[in-house]
Structure formats: C-alpha cells, structure tokens
Amino acid sequence: MINGQKVLFSGMQPSGNLTLGNYLGALKNWVDISEEYQTFYCVVDEHSITVR
C-alpha cells in the first residue's frame with residue numbers, strides 16, 4: 001500500500017482498434033477505480049509483437 005491506498009498495476013495490448021471488450025473490460029474500470037487505488041498502467045507492446 002502507498003499512503004493507505006491499495007496498488008493496481010495493469011496493461012493493455014496496443015494492437016488494432018479499441019474494441020467494446022477493451023473499453024468495458026479495462027479502460028472504464030481503470031477510470032472507475034482510480035480514486036480508490038494507486039494506479040500504474042503500461043502498454044504491453046512486446047506481447048502484441050509476439051502474437052502476430
């Protein structure tokens with residue numbers, strides 16, 4: 001915990017267009033919980049390179 005807040009680390013794959021699944025599954029939740037958690041986000045580019 002940092003300053004009494006729980007910590008969240010999350011990332012998203014940057015391949016293609018933003019989908020409804022990405023929006024509802026990650027982005028919307030990131031905004032909703034940002035007040036409760038100390039948040040850190042990343043772009044997991046290496047994963048998108050190895051998948052294709």
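Of note:
- Screening the range 35-52 for residues that are modelled with pLDDT of 85 or more and not in a strand (DSSP E or B) and picking the one that is surrounded by the most Cβ atoms within 10 Å (Cβ to Cβ) gives E36.
- Filter result (touching a strand residue (DSSP E or B) at 6+ places or on another chain (Cβ under 7 Å) and either among the polar types (S, T, N, Q) or modelled with pLDDT of 80 or more (or both)) within the range 4-25: Q5, K6, V7, L8, F9, S10, G11, M12, N22
The values are calculated or read from the model by the stated rules, or taken from the named source; none is laboratory data. All values reported here derive from a predicted model rather than from experimental measurement. Neighbour counts run over all protein chains shown; Cβ positions are idealised from the backbone, glycine included.
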